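Computed from the coordinates by the stated procedures, all read-outs in this text should not be read as laboratory data. Note that this is a predicted model, so its numbers are computed, not measured. In this analysis, Cβ positions are derived from the backbone assuming ideal geometry, glycine residues included, and neighbour counts consider all displayed protein chains.
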Amino acid sequence: MKISGYVGKYAMVDLTTRKYDIHDFDEEDLRYFMGGATLGAKILFDRMPAKTPWDAPESIIGFVCGVANGTGALISPRYTVVSKSPVTNMWNDANSGGHFGPQLRRSGYDAVFVKGISEKPVYILIDNGKIIFHDASKLWGMTVQQTEDAIREELSDNKVGIATIGPAGERLSYMSAIMNDTHRAAARGGPGAVMGKKNFKAIVCRGNTRFDVHDKEGLLAINNAIMDWSKTGPLADTIYPLFANHGTGGLYEGSVYQSDASIKNWGGIPSELTDDAIKSITTTETDKRWKVKKYTCNACSVGCGAIYEIKDGSYPIKETGRPEYESGAAFGSNLLCGSPELVNWCNYLCNDYGFDTISFGGAIAWAMECFSKGLFTIGETGGVDLSWGNTEGVAQLAEAMCKGTSEFALVLNNGSLAAAKHYGRGLEYVMHMGGIEAPHHDPRLNPGVTRTFQYDPTPGRHVKGGQGFGPPTSLLPIEVKYDFDDPEQGVRDVAGVIDAEVKGIGGFCEVTGFAFPPGTKQRILTAVTGLEFDGEEYDKLGKRSYTIRHMFNIREGMKREDNTIAGRLIGKPAMTEGPHTGRVVENEKLADMFFKEMGWDPKTMIPPKAVLEELGGMDAVIADLYGG
Ligand code: SF4
């Protein structure tokens, strides 16, 4: 049976030779791995030699559509960038919304993979299947907005899709993002550096390539059900309108008070901030001051984005994307700052220079704690006073990090762990998972997130899955969540993984957890592709997705002890005041239960051959692990 919903092709571009090959997707690969990070992991597992360093010519970076990108399915715009991470030198995937995913598919490919290193800066234009190499020497050094403007002018086309790096990626920053639609970021794990190493400034696409959808009427009916659910679902009067009107930043105030958002490099408590400082950063307040219009990704009925114009205060900005919750916490409570102007300024700088806001804010928080403990003098920080809550000092350091104007700022470009190692100081204040700065949901409040943060093949992600990510498990009573001998922990965790992996495969946005009626993800996958998913097949799809990403790391030599998490994040040592007093997360017990529930050996994290065979599509993994 032919699988619908795809162009059916991917391109492998070699920047060294400036040639490309076009491949038909293997139908088995589409059936088993479908889209997003999962399909990308399968291609990189097969096509990239094991143990290739992230910065080697043979290293591959891929841009992969979600199954539903461009099909008209609501809230399904996300594409995924796959590569190795410069931070971990292991697997990395990072997804982004906007319009780029659907534009990529319409340009003639379901995925484009890029290897080699260009002799000089280059961008590639994909135009209805044709791939054209453009000199990007003039673009090198430009910010994201400048690059987009210059490419659109050169091509005389205001509508092309552009995913680009800014100066951060060119500088090979471990915190560098790939930006599309100006304000949207595939950010975590440093994928911008992989492009920077290749002298690869941007991937640009346009076209009107057609692809069929298996059941158009069925898809329309699903969209109607999604619209109905926005009025009748259990969160229709609460979270749905909050996100639709104010974005994820509407959660900031409540999150700080319950200490889900980080405070003072994860060592502080809510009472160290004033009520006004907490409230003023929440987007329900900032929208009143600066919101100009709503921003919506492709075919999204929620529309959680907004454009701000900031005319008042110390950091005026003509046009900027409203900060997400994560960025509000990264530049607000975690720095003990209560300035919405500063939050927006740092968010704007990160977007324009191409940095991951979460890691960027985490690196500053590390520097502030080190400074407060006397580990750095003002002479060493480039003359910046990094006292907790010093808004001006944060702005100065942020600008220096973006422009690379001090040695301290340049060292911080590679994140807090690299900086601590470089200076030989402050290692205990690096708040990380696997070397990547922590996202802003506190494991001490919701211990279920710990296994995901520590052991997902991409550590430190707020958009990966497991128990604890959204209702109902995050709403369990604390005594249930803290019962680390309850085997249900593993059951809930695997169920959450399946859900999140399928989200990534489909290109479904994170908000679909509440914006989709139950069963919608399966229904969309079937309406688009024609493939059927009963409960067992659906579970296998999610587990297979996690497994192929994980097995990439196992082949690279990852051991269980390589999956690290900062002690403070899990109450080691426990807080002595505030909402998390006395809470200690038994992180390794949670991981043991997860691996057991997956059917794997908890010590080695390796699945038995029979488990891999049962999943299907794992021939290459089995051959690598077990031979033949
Ligand atoms: S909810 Fe927000 S991030 Fe998600 S697809 Fe819609 S506009 Fe984009």
How are the C-alpha pair distances of the chain spread across 10 Å bins, as whole percents from the shortest bin up?
3, 17, 29, 29, 17, 4, 0
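Please report the antiparallel percentage of DSSP beta bridges with both residues in the chain, rounded to the nearest 5. Present the calculation step by step, with values, prior to reporting the outcome.
Numbers: 46 of 58 bridges.
Counting only bridges with both partners in the chain, antiparallel ones make up about 80 percent.
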Please get the size of the charge dipole for the chain, origin at its Cα centre, with Cβ charges of +1 on Lys and Arg and -1 on Asp and Glu, quoted in debye to the nearest 20.
1080
Here FRET efficiency (C-beta to C-beta, Val491 to Asn245, R₀ 35 Å, nearest 0.05) is 0.45
Once you've got the Cα coordinates, tell me which of Lys51/Lys198; Lys42/Lys543; Lys403/Lys572; Lys42/Lys464; Lys403/Lys464; Lys51/Lys130 are over 25 Å apart.
Lys403/Lys572; Lys403/Lys464; Lys51/Lys130
Run the simple label-point estimate for Thr16 and Ile269 please: 7 Å along Cα→C-beta, distance reported in nm.
5.8
Specify which residue in the list Tyr257, Ile317, Ser280 is farthest towards the positive end of the charge dipole of the stretch 232-344, using unit charges on the beta carbon of Lys, Arg (+1) and Asp, Glu (-1), about the Cα centre.
Ile317
Extreme residue, positive dipole direction of the chain, given options Ala620, Gly328, Ala150 (C-beta unit charges)
Ala150
Using Cα centres only, tell me the gap between the stretch 585-628 and the stretch 375-432 in whole Å.
40
J(HN,Hα) series, the stretch 604-615, from Karplus relation 6.51 cos²θ - 1.76 cosθ + 1.60, nearest Hz, glycine and proline x
9, 6, 9, x, x, 4, 4, 5, 5, 4, 4, 5
Once the dipole of the chain is set up with Lys and Arg at +1 and Asp and Glu at -1 on Cβ about the Cα centre, which of Ser137, Gly393, Ser4 lies farthest towards its positive end?
Ser137
Mind giving me the FRET efficiency for Leu625 and Lys421? R0 is 25 Å, r the Cβ-Cβ distance, nearest 0.05 is fine.
0.15
Compute the separation of the alpha-carbon centres of the stretch 114-137 and the stretch 46-111 and state it in Å as a whole number.
16
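Over the stretch 1-51, what is the relative contact order in whole percent, taking alpha-carbon pairs under 8 Å and six or more residues apart? Can you show the working numbers first?
Working: 31 pairs, mean separation 13.0, N = 51.
Contact order relative to length: 25 percent.
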Would you give the gap between the C-alpha center of the stretch 188-235 and the C-alpha center of the stretch 482-520, rounded to a whole Å?
19
Along the stretch 458-468, Karplus-curve 3J(HN,Hα) (6.51, -1.76, 1.60; θ = phi - 60°) to the nearest Hz, with x for Gly and Pro, reads 10, x, x, 10, 8, 10, 9, x, x, 6, x
For Ile606, what residues show an amide H to amide H distance below 5 Å, using hydrogens built from the backbone and excluding near sequence neighbours?
Asp601
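Please work out how much length the chain gains when fully extended from Asp55 to Glu309, using 0.36 nm per residue of separation minus the C-alpha to C-alpha distance, in nm with one decimal.
Taking Asp55 through Glu309 to full extension adds about 87.6 nm, to one decimal.
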Using a 10 Å cut-off on Cβ atoms, rank the peptides 458-464, 357-363 from the highest mean neighbour count down.
357-363, 458-464
Which order do the peptides 137-144, 164-171 come out in when sorted by mean C-beta neighbours inside 10 angstrom, highest first?
164-171, 137-144
Pulled fully out, how much extra length does the chain show between Asn158 and Arg31, if you take 0.36 nm times their separation in residues and subtract their Cα-Cα distance?
42.1 nm
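Run the numbers on the stretch 9-206 and let me know its relative contact order in percent, using alpha-carbon pairs under 8 Å that are six or more apart.
Working: 494 pairs, mean separation 44.0, N = 198.
Result for the stretch 9-206 is 22 percent.
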Three semi-axes of the equivalent ellipsoid, the stretch 247-437, Cα gyration tensor, whole Å, largest first
27, 18, 15
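Based on other C-beta atoms within 10 Å, arrange Val394, Val160, Val611, Val528 from fewest to most.
Numbers: Val394 28, Val160 20, Val611 16, Val528 31.
Lowest to highest Cβ neighbour count: Val611, Val160, Val394, Val528.
In deg cm²/dmol, rounded to 500, what helix-only [θ] at 222 nm does the chain give when every DSSP H run of at least 4 residues adds -39500 (n - 2.57) and the total is split over its residues?
-11500 deg cm²/dmol
For the stretch 449-626, what does the alpha-carbon gyration tensor say about shape, rounded, prolate or oblate, given a ≥ b ≥ c as the root eigenvalues, a/c under 1.5 as rounded, and a/b over b/c as prolate? Before the final figure, lay out each step's value.
On the way: a/c = 2.11, a/b = 1.28, b/c = 1.65.
The shape class here is oblate.
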Count the DSSP beta bridges whose two residues both fall in the stretch 9-206, then state the antiparallel fraction as a percent rounded to the nearest 5.
75
Exposure proxy order (Cβ contacts within 10 Å, fewest to most) of Thr16, Thr520:
Thr16, Thr520
Starting with the highest mean, order 342-352, 428-438 by the number of other Cβ atoms within 10 Å, averaged over the residues of each peptide.
342-352, 428-438
D for the stretch 9-206, whole µm²/s, Stokes-Einstein with Kirkwood Rh over alpha-carbon pairs at 37 °C and 0.692 mPa s: what number?
203
With θ set to phi - 60°, apply the Karplus curve 6.51 cos²θ - 1.76 cosθ + 1.60 along the stretch 232-245 and write out the HN-Hα couplings as whole Hz, x wherever there is a Gly or Pro.
10, x, x, 10, 5, 9, 10, 5, 4, x, 4, 5, 5, 8
